[in-house]
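Notes for the one structure printed next.
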Amino acid sequence: MIIGSVSENLELEKRVSITPEIIKKYKSLGLEVHLSQNYAKHLGISDKTFEKEGAIIKSVEDIISKSD
C-alpha cells in the first residue's frame, strides 16, 4: 500500500502530515511513503532526511494518481 502526501498551501498551513519519525512507523507496517519534492523544506527538513528514512520523493501528479 502506498501512502502519499503533498505539501500544503504554505500561506494557510505550515505543518506537515508526515515527519521522518512517522515514516519509520509506516515502513515497519510494510507501507510505502511517497512525498512531494521539498515537502518540509520550510521546516528545515530536507528531502534527503525523508529519503534516509525510506520515503520516495515523487511529483505531485504521481503521488495523487498512485497513492492508496
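Table: residues versus (1) touching a Leu at 6+ places or on another chain (Cβ under 8 Å); (2) free of Cβ contacts under 8 Å to residues at least 24 places away in the same chain.
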| residue | (1), (2) |
| --- | --- |
| 1 | yes, no |
| 4 | yes, no |
| 17 | no, yes |
| 20 | no, no |
| 52 | no, no |
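Here are some residues: 45, 22, 63. Which one is at negative phi, outside any helix (DSSP H, G or I) and modelled with pLDDT of 95 or more?
When all the criteria are applied, what remains is 45.
For residues that are part of a loop (DSSP other than H, G, I, E, B) and either within 14 Å of residue 51 (Cα to Cα) or open to solvent by 90 Å² or more (accessible area, probe 1.4 Å) (or both), tally how many sit in segment 1-19.
Residues in segment 1-19 being part of a loop (DSSP other than H, G, I, E, B) and either within 14 Å of residue 51 (Cα to Cα) or open to solvent by 90 Å² or more (accessible area, probe 1.4 Å) (or both): 8 in total.
Could you tell me how many of the residues in segment 20-60 are charged (D, E, K, R) and open to solvent by less than 50 Å² (accessible area, probe 1.4 Å)?
1
Okay, residues lined up against (1) modelled with pLDDT under 95; (2) part of a strand (DSSP E or B); (3) over 13 Å from residue 3 (Cα atoms); (4) not β-branched (Val, Ile, Thr):
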| residue | (1), (2), (3), (4) |
| --- | --- |
| 34 | no, yes, no, yes |
| 38 | no, no, yes, yes |
| 54 | no, no, no, yes |
| 68 | yes, no, no, yes |
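The values are calculated or read from the model by the stated rules, or taken from the named source; none is laboratory data. Computed from a prediction, not measured in an experiment: that's the story for all the values here. Positions of Cβ are generated from backbone atoms using ideal geometry, with glycine treated the same way; all protein chains shown enter the neighbour counts. For accessibility, only protein heavy atoms count, side chains too; no ligands or nucleic acids. Shrake-Rupley method; radii C 1.70, N 1.55, O 1.52, S 1.80 Å.
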